[in-house]
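Beneath this line is the structure, given in structure tokens, with notes to follow.
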Amino acid sequence: MQTSSSPLPARLRALPRPPWLSPKVLRVEVLAGLVVGLALIPEAISFSVIAGVDPKVGLFAACTMAMTISVVGGRPAMISASTGAVALVTAPVVRHHGLGYLVATVILAGVFQIVLGSLGVARLMRFVPRSVMVGFVNALGILLFTAQIPNLHDVPWAVYPLVATGLAVMVFFPRLTRAVPAPLVSIVVLTVFTVAAGISVPTVGDKGRLPSALPMPGLPDVPFDTHTLTVIAPYALAMALVGLMETLMTAKLVDDITDTRSDKTRESIGQGIANIVTGIFGGMGGCAMIGQTMINVKSGARTRLSTFLAGFFLLVLCIVLGPVVSHIPMAALVAVMVLVSVGTFDWHSIRPATLRRMPVGETAVMVVTVAVVVATSNLSIGVVVGTLTAMVIFARRVAHLTEVTSVLDPDGGGVVYAVTGELFFASSNDLVTQFDYAGDPDRVVIDLSGAHVWDASSVAALDAITTKYAGRGKSVEIVGLNEHSARMHGNLSGELTGSH
């Protein structure tokens with residue numbers, strides 16, 4: 001007897017298949033996640049030391065951040081975990097108040113990030129100029145490299161040939177095949193060699209003891225009162241802002257590398273959710289990790305799967321394979337990060353030919369951004385200072401584009417001044433000095449058809465010009481205002497000095 005086939009399988013076959021289900025993509029995502037999971041271990045332990053907490057606090061934070069953001073984040077393939085920037089901000093909380101207050105700070109920072117993300121803080125990224133982004137990338141490359149120097153200082157001589165071997169493997173292995181990420185091959189080869197040969201060099205285990213049990217969720221052990229809130233709120237807000245700044249800059253960088261767009265608002269809110277989850281599990285919180293993200297993206301990962309697996313593999317590596325992972329030589333991970341730092345740096349931006357073509361102001365902004373980041377070891381401060389520098393340079397440049405030309409009426413009874421350019425606080429101060437108050441006829445016309453009034457400073461400057469002429473018994477007529485300028489002038493003219 002024949003039975004009619006159900007239409008359900010055909011309907012299911014018609015659904016679009018997630019990209020990571022492709023065998024080729026799946027292999028890349030899994031291996032990239034494994035490499036990142038390995039690279040997260042020494043970083044998370046180091047940041048735990050900076051924050052003044054047990055290594056497991058940083059390691060569990062890296063696990064929960066990565067796995068949570070892979071689901072709720074807006075930038076596929078970006079890695080979020082415990083970071084140095086967050087550790088620096090929250091270290092005083094641990095030092096003065098203890099671990100419970102740190103956990104409460106992380107949870108409150110997550111709430112702040114959700115609020116800021118909902119209010120559209122991600123849209124502020126449009127005000128970050130390209131020259132700041134280039135400086136950000138170059139500073140990142142420098143910081144990634146300099147962060148490896150302590151692992152190369154006062155170490156056994158065998159570390160240096162191991163690092164060189166690791167670099168050689170990562171450079172030449174891709175010429176044979178790209179089926180397996182070269183960093184993973186390098187880590188495995190160096191680990192097997194050092195263990196088999198009995199070479200005594202610093203290992204991951206020397207950074208700190210790996211955890212042996214899963215974290216348990218719970219609320220922070222602090223009084224839930226206004227005093228606790230006043231203690232943790234400033235640190236939580238600082239952590240939220242630093243985390244969002246570093247995350248959004250990293251997301252923009254990954255967008256450029258992969259030629260794809262990401263949902264920055266979702267990413268901002270997702271960071272908040274991930275930090276709340278991390279705090280509930282007793283972690284130290286975090287944000288996007290630029291170095292590990294570069295490893296992931298350079299390994300070919302493009303989906304959320306690699307991010308999730310990085311956190312999952314880290315959990316498995318710490319709890320199940322802790323004794324094995326502890327034997328990984330730090331030289332292997334140093335080699336990976338050195339190669340990432342070299343690949344991250346924008347070498348084209350410092351070529352002599354590029355510098356000759358680039359406006360001096362653009363180069364200055366890039367240099368300032370790099371210098372501030374390297375001096376403070378804080379990417380967020382460098383971005384803010386670089387952006388402010390770019391705004392000042394832009395304001396000065398635009399201010400000098402304002403021109404005033406005068407033409408006498410044929411009958412000699414008046415003069416017409418044509419003003420062109422953008423009138424705002426930087427250009428309006430010079431505007432007042434470009435009129436001949438004593439020598440002009442009794443009737444003066446100021447034509448603003450080629451100009452735009454942007455702010456109260458410009459209206460105040462126009463009022464000052466009118467007042468100077470009126471003091472000499474001369475009349476001034478302002479014409480040619482566009483709709484926005486006319487509305488601004490009509491609302492504020494005569495209202496800015498307090499005397500009428």
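At-a-glance table
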quantity	calculated
Test for Met78: is it among the hydrophobic types (A, V, I, L, M, F, W, C), under 19 Å from the mean Cα position of the chain (by Cα) and within 15 Å of Gly279 (Cβ to Cβ)	no
Residue list for region 423-453, filter: within 38 Å of the chain's Cα centre (by Cα) and crowded, with 18+ Cβ neighbours inside 10 Å	Leu423, Phe424, Ala426, Ser427, Ser428, Ala451, Val453
Subset of region 54-68 [more than 20 Å from the chain's Cα centre (by Cα) and surrounded by 24 or more Cβ atoms within 10 Å (Cβ to Cβ)]	Val57, Gly58, Leu59, Phe60, Cys63, Thr64
Restricting region 477-500 to residues that are within 23 Å of Asp409 (Cα to Cα) and buried (at least 19 other Cβ atoms within 10 Å of the Cβ), the residue that is farthest from the chain's Cα centre (by Cα)	Ile478
Members of region 359-379 found to be farther than 20 Å from Leu140 by Cα and out of contact with any helix residue (DSSP H, G or I) (no Cβ under 8 Å at 6 or more places or on another chain), listed by number	Pro359, Val360
Criterion (among the polar types (S, T, N, Q), over 20 Å from Gly494 (Cα atoms) and outside any strand (DSSP E or B)) met by exactly one of Thr466, Thr389	Thr389
Residues of region 265-284 satisfying the condition of being part of a helix (DSSP H, G or I) and farther than 17 Å from Thr247 by Cα	Val277, Gly279, Ile280
Subset of region 268-293 (residues that are more than 14 Å from Pro215 (Cβ to Cβ) and either out of contact with any helix residue (DSSP H, G or I) (no Cβ under 8 Å at 6 or more places or on another chain) or at pLDDT 95 or above (or both))	Ser268, Ile269, Gly270, Gln271, Gly272, Ile273, Ala274, Asn275, Ile276
Verdict on Arg302 being open to solvent by 50 Å² or more (accessible area, probe 1.4 Å), touching a residue at least 24 places away in the same chain (Cβ under 8 Å) and part of a helix (DSSP H, G or I)	no
Qualifying positions in region 143-178 - open to solvent by less than 90 Å² (accessible area, probe 1.4 Å), over 17 Å from Val195 (Cα atoms) and part of a loop (DSSP other than H, G, I, E, B)	Ala147, Gln148, Val155, Thr177
Selection status of Thr402, among the β-branched types (Val, Ile, Thr), open to solvent by less than 50 Å² (accessible area, probe 1.4 Å) and in contact (Cβ under 8 Å) with a residue 60 or more places away in the chain	no
Evaluation of Leu333 against (1) assigned to a helix (DSSP H, G or I); (2) farther than 21 Å from Pro150 by Cα (one fails), failing number	(2)
Region 93-114 residues that are in contact (Cβ under 8 Å) with a residue 12 or more places away in the chain and closer than 13 Å to Leu237 by Cβ, paired with ones that are acidic (Asp, Glu) and open to solvent by 40 Å² or more (accessible area, probe 1.4 Å) (beta carbon under 7 Å, 6 or more apart)	none
Close pairs from region 177-191: first over 13 Å from Asn296 (Cα atoms), partner open to solvent by 20 Å² or more (accessible area, probe 1.4 Å) and part of a loop (DSSP other than H, G, I, E, B), Cβ under 8 Å, at least 6 apart	Arg178/Gly300; Thr191/His327
Sole residue being surrounded by 13 or more Cβ atoms within 10 Å (Cβ to Cβ) and under 24 Å from Ala147 (Cβ atoms), chosen from Thr420, Thr369, Thr389, Thr354	Thr369
Complete set of residues in region 197-252 that are farther than 22 Å from Ala51 by Cβ and in contact (Cβ under 8 Å) with a residue 24 or more places away in the chain	Ile199, Ser200, Val201, Thr203, Leu248, Ala251, Lys252
Residue match in region 90-104 (condition: over 30 Å from Arg261 (Cβ atoms), in a loop (DSSP other than H, G, I, E, B) and modelled with pLDDT under 95)	yes
Check on Pro211, of a type outside the set (Val, Ile, Thr), assigned to a loop (DSSP other than H, G, I, E, B) and open to solvent by less than 20 Å² (accessible area, probe 1.4 Å)	yes
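Every residue, every condition in (1) at pLDDT below 90; (2) in contact with a strand residue (DSSP E or B) (Cβ under 9 Å, 6 or more places away or on another chain); (3) not hydroxyl-bearing (Ser, Thr, Tyr), yes or no:
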position: Ala310; (1), (2), (3): no, yes, yes
position: Phe313; (1), (2), (3): no, no, yes
position: Val320; (1), (2), (3): yes, no, yes
position: Ala353; (1), (2), (3): yes, no, yes
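Residue-wise test of (1) surrounded by fewer than 20 Cβ atoms within 10 Å (Cβ to Cβ); (2) within 31 Å of the chain's Cα centre (by Cα).
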residue: Val180; (1), (2): yes, yes
residue: Val185; (1), (2): yes, yes
residue: Val192; (1), (2): yes, no
residue: Ala197; (1), (2): yes, no
residue: Pro202; (1), (2): yes, no
residue: Pro217; (1), (2): yes, yes
residue: Pro220; (1), (2): no, yes
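The values are calculated or read from the model by the stated rules, or taken from the named source; none is laboratory data. Computed from a prediction, not measured in an experiment: that's the story for all the values here. Virtual Cβ from ideal backbone geometry, glycine too; neighbours counted across all protein chains shown. For the accessible areas, the whole protein counts, side chains as well, though only heavy atoms, and no ligand, DNA or RNA atoms are used. Shrake-Rupley method; radii C 1.70, N 1.55, O 1.52, S 1.80 Å.
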